[in-house]
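Structure, as structure tokens:
Here, each number is a calculation from the coordinates, and none is a lab measurement. Remember, predicted model here, so these are calculated numbers, not experimental data.
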Amino acid sequence: MFNAYGGPRCIYCGCEDLDALNLEHRHNDGNIDKRRGLSGQKLYRYLKAQGYPQGRFDVACANCNIIKQIRGVDYLLKLRGLHPRFQEANTPSPSDCAFDMNCAASSWLVVAS
């Protein structure tokens, strides 16, 4: 599944932990799929049946996905040092994953909650 959308790596931080990765709706339009009854495994099966349509989904770790939802993509890109739609420069190592408590974004989530 992830290979169809750029590979098993968060496009924002480079996390490669399969337990932390998921598909994110590029335009924050997941409510469209949910209204159609498509979420979780149902969505994955639907995308596979449709030949993995491009343009709406990216691979992101849970941490970056929630930061994007709460603070917006501009904040996330600034936090990660990325230029819109996406440069490889400044990509952290896989150890900078969603559940790394030394990660600046993880600290932000703890403070904000």
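Ordered by residue, what ³J(HN,Hα) values in Hz, to whole numbers, does the range 33-40 give under the Karplus form 6.51 cos²θ - 1.76 cosθ + 1.60, where θ = phi - 60° and Gly and Pro are x?
So the Karplus estimates, Gly and Pro as x, are 5, 4, 5, 8, x, 10, 8, x Hz.
Would you please give the residues with an amide H less than 5 Å from that of Arg26, counting only those at least 5 places away or on a separate chain, with H modeled from the backbone geometry?
Here Phe57, Asp58 satisfy the definition.
Multiply the residue gap between Met1 and Lys78 by 0.36 nm, knock off their C-alpha separation, and tell me the result in nm, one decimal place.
24.9 nm
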